[in-house]
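Here is the structure we will look at.
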Amino acid sequence: MRRTKTPIAITVDDTEPFAPTPQRPLRTRLRDLPQDTHFEPHQHEWAQLACCASGLLQVAVRAAGHGGSEQDISVVVPPQRAVWIPPGALHSVMVVEAAQSRTVYLHASLFQAGWEQVRVLAVTPLLHALIDAQDHASYREHADEQAALTTLVRHELTHATCLPVGVPMPPAGRGDRRLRALCNELLAQPNTFATLAQWAAAHGASERTMARLFRAELGMSFHHWRQQAVLARALPRLAQGTPVAQVAADSGYASESAFSAMFKACMGTSPRHFRPAGHKTQEGTIAA
């Protein structure tokens, strides 16, 4: 098992210039971020939508978890997805692949009850365009244009398709450090199919101890958690049109059929169901 590279840690201390207000309830921040950039855990009083125009992010958000306790939810974010982070929620961001980051800060007044929980949303081309337009000078300096764009963004978010939330993680700072290190490493290397005993030994614990930690802190077995980690990386790639056979191989499966069997058992449908409509395959075109 190879070790992951040390991330480029960034302390978040410059968000105030982008803070939303009742007068301007939606603010955007567009940045190009290199691979392995890591924004340390932080929180703020406004909501945030984390997404990217290209590349791949991994967002961890603290939320209510197993048994009512708090746990972190890890979400892999390609350009087709966004993570809704409620006001006050502790969160961090890792850049898995160099990304054009799109961060949207939203004042609490924009949303009604029901948006207090973490959500993963499908991002439409229109929503991407609206987010980018918010930063354009011709809109940024005119209140009427800003208000119109804000209304459209709010409409797109409230009508966006909600997707599976993500992979549960031990809470940073309070969960077992060995379990969290193992989970982080496996998320970065979903194709590494070592046994739990091998993973546990690499992180200074016995197999029995690590199995107990998975049950106690995450509410599931190591086997089930690893499947969730594999799916978290596989789903965005399938949505991008990557062939199922390639996703299966990159996920550590010896055959496409073995991967498809696992996928159907967990998701209730074939991985081909998640590929873009009209996408060319060896068997033909997937109908819309």
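Given A160, A172, A143, A148, which one is in contact with a Ser or Thr (Cβ under 8 Å, 6 or more places away or on another chain), farther than 30 Å from T209 by Cβ and not β-branched (V, I, T)?
Values: A172 fails: farther than 30 Å from T209 by Cβ; A143 fails: in contact with a Ser or Thr (Cβ under 8 Å, 6 or more places away or on another chain); A148 fails: in contact with a Ser or Thr (Cβ under 8 Å, 6 or more places away or on another chain).
Checking each option against the conditions leaves just A160.
Would you mind stating whether R215 is of a type in the set (K, R) and in contact with an Asp or Glu (Cβ under 9 Å, 6 or more places away or on another chain)? Quick ask: steps written out before the conclusion?
Details: of a type in the set (K, R): yes; in contact with an Asp or Glu (Cβ under 9 Å, 6 or more places away or on another chain): no.
Criteria not met by R215.
So which residues in the stretch 91-118 are surrounded by fewer than 18 Cβ atoms within 10 Å (Cβ to Cβ) and either under 18 Å from E45 (Cβ atoms) or charged (D, E, K, R) (or both), if there are any at all? Steps first, answer last, please.
Just the residues of the stretch 91-118 that are surrounded by fewer than 18 Cβ atoms within 10 Å (Cβ to Cβ), to begin with: 97-98, 100, 108-109, 112-117.
Scanning the stretch 91-118 gives E97, A108, S109, Q112, A113, W115, E116, Q117.
Is there a residue being surrounded by fewer than 13 Cβ atoms within 10 Å (Cβ to Cβ), part of a helix (DSSP H, G or I) and at pLDDT below 85 anywhere in the stretch 268-275?
Yes.
Could you check the stretch 166-233 for helices (runs of 4 or more DSSP H) lying wholly inside it with 1 or more residues that are touching a His at 6+ places or on another chain (Cβ under 6 Å) and either under 20 Å from Q71 (Cα atoms) or modelled with pLDDT under 90 (or both)?
Details: elements: 177-188, 196-202, 207-213.
Correct list: 177-188.
The values are calculated or read from the model by the stated rules, or taken from the named source; none is laboratory data. Everything quoted here is computed from the prediction, not taken from an experiment. Counting neighbours? That spans all protein chains shown, and the Cβs are built from the backbone with ideal geometry, glycine included.
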